[in-house]
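First comes the structure, then the notes that go with it.
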Amino acid sequence: MLARTKEILNYKDMIYSLVKRELRGRYQKSVLGFLWSFISPLCQIAVFTFVFTYVFPSNIPDYYIYLMTGMIPWQFFSDSISQGACSVIYNADMTKKIYFPREVLTISSVSAKFVNLLLSMLVVFGFILVSRIGFSPLVLLLPIVLVIEYAIALGFALVFASITVYLRDMEYVVNVILMAWIWATPIMYSPDTLVEQYRWIADLLRVNPLTSVMYLFRDILYYHQYPTTIDWVLPAIWGVVLMVVGSLIFKRLEGNFAEEL
């Protein structure tokens, strides 16, 4: 596996070129261009804030900040999985014509979404700066959280990308899974607000690798409290395990990519 990692690193220039191509191509003929990286999640946040402020009122203070610190990381994860799952089949011609580690395609796709995440986080910082929430020195821990989420997203993307080559329906299955997954992740609500008889759901949510990731973002950016040990350890373990499992599954299925494409 170390040898494979070294081989992939030898193609870092290719990864950079593919990331740049995807970022440019996505907004090439768009009037607003990269601004859509900010507008799309902000529109989602505006809708959910309205719903949970006026239609189904939430008792969470500064709810829009609470929502942003969860929705922006979720958008990165969702886009990484949905588009990463198709990263190989969308580059079928390249896959069949030249040799390179096929993981490069999925890594490039997820990395492009990661760049969008970093840009979107600037918007989050702007809102936090002008709100009464403000920042704490804990914000210096945020890069670690971002790396952990990147590893989790890439691990899942590698699994789905390799399976989608053989089972094209997986592209649509993933989108259905993500529609349910967002509600299994504490983004628009706080598990602490669950009534007593449903508190067991909060424990069940721990199975979700994104739950602890959201807790990390919220503790650092919203609550200004040092995250618990379990919230550091669980997603870190998930990240390592998913990267290893995703790489092994991808490598195992990679052999017949050209024939299937």
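Applying Stokes-Einstein at 20 °C and 1.002 mPa s to the Kirkwood radius of the chain, computed over alpha-carbon pairs, gives a translational diffusion coefficient of 110 µm² s⁻¹.
Helical content alone sets the calculated 222 nm signal of the chain at -22000 deg cm²/dmol, taking -39,500 (n - 2.57) per DSSP H segment of four or more residues and averaging over every residue. Taken about its Cα centre, the chain carries a charge dipole of roughly 660 debye when the Cβ of each Lys and Arg holds +1 and the Cβ of each Asp and Glu holds -1. When the chain is treated as a Gaussian network with alpha carbon springs shorter than 10 Å, the biggest mean-square fluctuation among Val159, Val173, Val19 belongs to Val173. Lys and Arg at +1, Asp and Glu at -1: add these up for the other residues within a Cβ distance under 13 Å of Pro209 and post the number. Taking every other residue near Pro209 into account, the sum is -1. On full extension, the segment bounded by Leu204 and Tyr172 gains 8.9 nm, given 0.36 nm per residue less the C-alpha separation.
Each residue of the stretch 102-115 was assigned a 3J(HN,Hα) from its phi angle through the Karplus expression (A = 6.51, B = -1.76, C = 1.60, θ = phi - 60°), giving 5, 4, 4, 5, 6, 4, 5, 5, 5, 5, 5, 5, 5, 4 Hz with x at Gly and Pro. Ranking Val110, Leu178, Cys43 by how far each Cα lies toward the positive end of the dipole of the chain (charges on Cβ) leaves Val110 at the top. The long axis of helix 36-50 is offset from the longest Cα principal axis of the chain by roughly 40 degrees. Using the Cβ-Cβ distance between Trp183 and Tyr54 with R0 = 22 Å, the FRET efficiency computed as 1/(1 + (r/R0)^6) comes to roughly 0.60.
Rounded to the nearest whole Hz, the Karplus-based 3J(HN,Hα) values (6.51 cos²θ - 1.76 cosθ + 1.60, θ = phi - 60°) of the stretch 227-239 follow the sequence x, 5, 4, 5, 6, 7, 6, 4, x, 5, 5, 4, x, with x at glycine and proline. Run the numbers on the chain and let me know its relative contact order in percent, using alpha-carbon pairs under 8 Å that are six or more apart. It rounds to 26 percent for the chain.
Taking K and R as +1 and D and E as -1, what net charge do the other residues with C-beta under 13 Å from the C-beta of Ala92 add up to? The answer is +1. Could you state the angle between the C-alpha long axis of helix 170-181 and the longest principal axis of the C-alpha atoms of the chain, as a value from 0 to 90 degrees rounded to the nearest 10? Long axis of 170-181 versus the principal axis of the chain: about 10 degrees. For the stretch 112-261, the relative contact order works out to 39 percent when only alpha carbon pairs closer than 8 Å and six or more residues apart are counted.
For the stretch 133-143, backbone phi angles converted through the Karplus equation (6.51, -1.76, 1.60; θ = phi - 60°) give residue-by-residue couplings of 5, x, 10, 10, x, 4, 4, 5, 7, 4, x Hz, Gly and Pro being listed as x.
With the simple spin-label model, which puts each label point 7 Å out from Cα in the Cβ direction, the His224 to Tyr99 separation comes to 5.7 nm. For Lys251, a cut-off of 20 angstrom between C-alpha atoms picks up these aspartates and glutamates, skipping any fewer than 8 places away in its own chain: Glu7, Asp93, Glu103, Glu171, Glu259, Glu260.
The numbers here are math on the coordinates, done by the rules we state, and not lab data. This is a predicted model, so every value here is computed, not measured. Positions of Cβ are backbone-derived with ideal geometry, glycine not excepted, and every protein chain shown enters the neighbour counts.
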